[in-house]
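**Q** Shown below is the structure under consideration.
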Amino acid sequence: MLMIANGYLIDPKTGMEGKKDIYIEGGRILKIMDANARSWDACPADTNAQSEGACPTDAENQPDDDSEIKKVINASGCIVAPGLVDVHVHFRDPGFTQKEDILTGAAAAAKGGFTTVVMMANTRPPIDNEETLRYCLEKGKKTGIHVLACANVTRGMKGKELTDMASLANAGAAGFTDDGVPICNPEIAKAAMEEAAKLGLPISFHEENPFYINKNGINHGKASEYYGNEGSDRMAEITMVERDLQIALETGAKIDIQHISAREAVELVRQAKKQGNNIHAEATPHHFTLTEKACIKYGAFAKMNPPLREEEDRMAIIWGLADGTIDMIATDHAPHTTSEKRDVLITEAPSGIIGLETSLALGITELVDKGYLTMSQLVDRMSLAPARLYGLDAGYIAEGGPADLVVFDPTARVIAGDYASKAENSPFTGWELTGRVEYTVCGGKVVYAYGDC
């Protein structure tokens with residue numbers, strides 16, 4: 001039996017908070033009890049309770065069970081929350097494993113406190129067939145965390161012909177997306193939503209209309225002026241979001257508007273949510289933290305699709321997260337080799353940054369510490385809400401529930417870097433942030449450990 005002792009538990013599902021002892025066995029939470037802080041203050045952070053005899057073992061501190069406590073994590077001073085869930089990651093496997101692979105991507109996720117991730121389907125070959133999907137899911141089982149995968153909406157991500165969505169769903173696809181490429185044909189988008197609605201699975205949309213884009217990854221504004229090109233106009237996102245929200249309300253499809261960057265898109269989602277509960281949206285840490293000025297300062301290390309925009313957009317995203325218009329925080333973890341980002345002109349560099357290992361700390365630093373979200377709201381946006389989108393048994397802490405947990409110190413100061421990911425393409429490297437993951441527990445097993453709380 002694993003015990004997490006004296007941590008401050010936050011359960012976004014029930015609103016339960018307080019110092020608790022959590023007992024875990026067989027991959028599930030066996031018991032949650034009020035913590036006996038006085039008994040555990042002197043207990044080492046990570047110890048074999050029985051053999052070392054360093055921690056109390058009296059009946060007051062154990063569940064009414066014959067099981068033996070074999071390992072104790074002293075979470076004193078730490079928050080214990082549901083394992084984080086990221087519905088938008090790129091693990092580049094198969095096809096681009098020089099950037100990342102499923103094993104290293106999952107290691108980065110575990111270090112960031114994530115116990116469940118959903119892979120995007122823009123691999124090589126793309127996940128538009130059952131064989132590639134099975135490869136991803138089987139390799140994911142070797143990681144220690146839950147690695148799910150979306151399948152493509154269209155064959156070859158060409159936007160012309162739907163995949164066999166029913167067969168892919170039967171083979172284990174968590175949902176559908178052509179993320180990385182917008183679905184420009186409205187008839188294809190509608191047909192895809194109708195099929196996704198029949199299957200009861202979510203469909204996620206990359207909202208960038210190429211008609212309004214000259215050089216992507218750079219905002220049309222101060223950033224594009226600096227680099228001497230037209231960049232990506234905000235209308236690229238606005239027009240696609242407006243179209244897809246309308247179709248979703250007509251079809252009843254459960255959709256996710258991915259990586260929102262424009263304030264107008266936030267408002268469109270806000271109004272659409274008043275008409276249907278099938279509308280969902282996500283924001284990335286980089287979009288709620290940075291503006292287009294970062295693209296000028298950090299170059300290609302701050303180039304992404306959609307691009308960083310203006311301060312008004314950043315604040316609209318933050319307020320969208322605060323009032324629930326934007327359900328989820330998702331990293332859009334997008335690894336690239338250093339040479340791809342550093343050794344070429346910004347207009348030639350690929351878009352995207354890594355994010356799994358800085359996401360929680362950025363949420364604490366930029367949202368909680370600055371008073372925009374409570375810690376419980378942040379935990380909700382990073383665990384329960386994304387789990388709800390995919391219908392996962394995750395994002396909550398309860399007796400009998402999954403033993404997928406993150407233990408983090410909300411006050412620790414950390415310097416971003418030293419990544420478990422193969423990649424290092426992040427503008428946040430070297431930033432001092434608040435919040436450090438101490439332990440990640442998935443299926444009752446410690447899959448990442450930093451040290452003392």
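**Q** Quick one: how many Å² of D404 are accessible to a 1.4 Å probe, rounded to 10?
**A** Ignoring ligands and nucleic acids, D404 comes out at about 10 Å².
**Q** Counting only the heavy atoms of the protein chains, how much of R263 is accessible to a 1.4 Å probe, in Å² to the nearest 10?
**A** Using a 1.4 Å probe on the heavy atoms, I get roughly 80 Å².
**Q** Taking +1 at the Cβ of each Lys and Arg and -1 at the Cβ of each Asp and Glu, which of I326, P12, H220 sits farthest along the dipole of the chain towards its positive end, judged by Cα position relative to the Cα centre?
**A** Farthest towards the positive pole: H220.
**Q** Report the relative contact order of the stretch 264-351, percent, no decimals, based on alpha-carbon pairs under 8 angstrom and at least 6 residues apart.
**A** With pairs under 8 Å counted, the relative contact order is 37 percent.
**Q** At what distance in angstrom do the alpha carbon centres of the stretch 246-320 and the stretch 108-122 lie from each other?
**A** The stretch 246-320 and the stretch 108-122 have Cα centres separated by 20 Å.
**Q** Kirkwood hydrodynamic radius, computed over distinct alpha-carbon pairs, for the stretch 325-453: how many Å, to one decimal?
**A** When all Cα pairs of the stretch 325-453 are included, the Kirkwood radius is 16.2 Å.
**Q** In whole percent, how big is the carbon plus sulfur part of the accessible area of the stretch 275-323, probe 1.4 Å, protein atoms only?
**A** 51 percent
**Q** Note down the Stokes-Einstein diffusion coefficient of the chain in µm²/s, whole number, using a Kirkwood radius over alpha carbon pairs, 10 °C, and 1.306 mPa s.
**A** For the chosen part, D equals 72 µm²/s.
**Q** Here is a further query. Over 31 Å between C-alpha atoms is what I'm after, so list which of K13/K142; K99/K142; K70/K370; K222/K370 land there.
**A** Check vs 31 Å cut-off fails for K70/K370.
**Q** Against the longest principal axis of the chain, how steep is helix 102-111, in degrees 0 to 90 to the nearest 10, with axes from Cα atoms?
**A** Once rounded, one gets 60 degrees.
**Q** What does the charge count around A394 come to, taking other residues whose C-beta lies under 15 Å from its C-beta (Lys +1, Arg +1, Asp -1, Glu -1)?
**A** Computed value for this residue: -2.
**Q** Another question, then. Quote the relative contact order of the chain in percent (integer), defining contacts as alpha-carbon pairs under 8 Å separated by 6+ residues.
**A** 19 percent
**Q** So for the stretch 195-292, averaging the separation of alpha carbon pairs under 8 Å that are six or more residues apart and normalising by length, what relative contact order in percent results?
**A** 29 percent
**Q** Return one number: the angle in degrees, 0 to 90 and rounded to the nearest 10, between the long axis of the Cα atoms of helix 263-273 and the longest principal axis of the Cα atoms of the chain.
**A** 70 degrees
**Q** To the nearest 20 debye, what is the magnitude of the charge dipole of the chain about its Cα centre, counting +1 on the Cβ of each Lys and Arg and -1 on the Cβ of each Asp and Glu?
**A** Its charge dipole is roughly 580 debye.
**Q** Stick to the Cα atoms of the stretch 83-235, pair each with every other, and give me the Kirkwood hydrodynamic radius in Å at one decimal.
**A** Across the stretch 83-235, the inverse of the average 1/r is 16.4 Å.
**Q** A further question on this structure: Rolling a 1.4 Å sphere over the protein heavy atoms, what is the accessible area per residue of the chain, to the nearest Å²?
**A** Ligands and nucleic acids excluded, the result is 37 Å² per residue.
**Q** For every helix of n ≥ 4 consecutive DSSP H residues, a contribution of -39,500 (n - 2.57) applies; sum these over the chain, divide by its total residues, and give [θ] at 222 nm rounded to the nearest 500 deg cm²/dmol.
**A** When only DSSP H runs of four or more count, the value is -7500 deg cm²/dmol.
**Q** Let me ask something else. Would you work out what percent of the accessible area of the stretch 156-260, with all protein chains in place, is carbon or sulfur (probe 1.4 Å)?
**A** Carbon and sulfur together cover 48 percent of it.
**Q** Once the Cα atoms of helix 235-251 and of the chain are each reduced to a long axis, what angle between those two axes, in degrees from 0 to 90 to the nearest 10, is obtained?
**A** Compared with the principal axis, the helix lies near 70 degrees.
**Q** Turning to a different aspect of this structure: Counting other C-beta atoms within 10 Å, and keeping those with at most 11, which DSSP coil chymotrypsin sites (Phe, Trp or Tyr not before Pro) do you find in the stretch 100-184?
**A** Those that pass, being in a loop and sparsely packed, number zero.
The values are calculated or read from the model by the stated rules, or taken from the named source; none is laboratory data. All figures in this text were calculated on a predicted structure; none of them were measured in a lab. All Cβ positions, glycine included, derive from the backbone under ideal geometry; neighbour counts span all protein chains shown. Accessible surface areas use protein heavy atoms only, side chains included; no ligands, DNA or RNA. Shrake-Rupley method; radii C 1.70, N 1.55, O 1.52, S 1.80 Å.
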